[in-house]
Amino acid sequence: MARLSQERVLVLDFGSQYTQLIARNVREQNVYCEIVRHDISVEQIREHNPQGLILSGSPSSVYEQDAPKCDSNLFTMGLPVLGICYGMQLACEAFGGKVEGVSTREYGRAELTANVATTLFQDTSAHQQVWMSHGDQISNIADDFETLAETSTCPFAAIK
């Protein structure tokens with residue numbers, strides 16, 4: 001049996017109010033989880049020897065000049081990366097996608113339509129009630145990406 005600390009996931013904190021909640025949920029799955037600064041270097045990530053990375057949300061917009069960024073080389077480390085909200089937008093932008101502010105913002109309850117044939121949404125319902133909180137959206141994804149879920153106003157609610 002692997003030691004708990006060997007099953008490490010790092011949460012890169014971009015300032016989300018939910019970073020602690022993300023880490024707690026990972027820990028509730030019996031996976032060791034640490035919250036680290038968003039600007040951690042790839043070398044420091046390697047020292048932690050994580051099995052995966054989670055990029056948190058943020059009150060910032062990825063297209064702002066002083067928006068918090070991560071080392072884009074972390075996307076080429078061969079680790080699974082889960083981007084949540086701002087983290088997903090940041091990953092999308094790093095691969096050539098586009099993120100924009102939109103007039104139709106989502107705050108609160110939303111109906112998500114998910115592709116349940118994908119690993120992320122397998123064993124879940126195709127129509128799910130979710131909570132959204134964003135004024136920016138991905139408007140274009142890179143050719144290597146595919147859409148996994150959408151809402152009535154957000155065509156790229158989940159991508160891979």
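The values are calculated or read from the model by the stated rules, or taken from the named source; none is laboratory data. Being a predicted model, the structure only gives us computed values, none of them experimental. For neighbour counting, all protein chains shown are included, and Cβ atoms are generated from backbone atoms with ideal geometry for every residue, glycine included. Heads up: the accessible areas ignore ligands, DNA and RNA and are worked out on the full protein's heavy atoms, side chains in. Shrake-Rupley method; radii C 1.70, N 1.55, O 1.52, S 1.80 Å.
See the values below:
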quantity	calculated
Flag for D144 being at positive phi and charged (D, E, K, R)	no
Subset of the range 76-101 (residues that are of a type in the set (V, I, T) and under 11 Å from the mean Cα position of the chain (by Cα))	V81, I84
Qualifying positions in the range 9-20 - open to solvent by 20 Å² or more (accessible area, probe 1.4 Å) and modelled with pLDDT of 95 or more	V9, D13, Q20
So V31, is it open to solvent by 20 Å² or more (accessible area, probe 1.4 Å) and in contact (Cβ under 8 Å) with a residue 24 or more places away in the chain	yes
Candidates I54, I22 - the one that is under 14 Å from the mean Cα position of the chain (by Cα), under 18 Å from A91 (Cβ atoms), aliphatic (A, V, I, L, M) and assigned to a strand (DSSP E or B)	I54
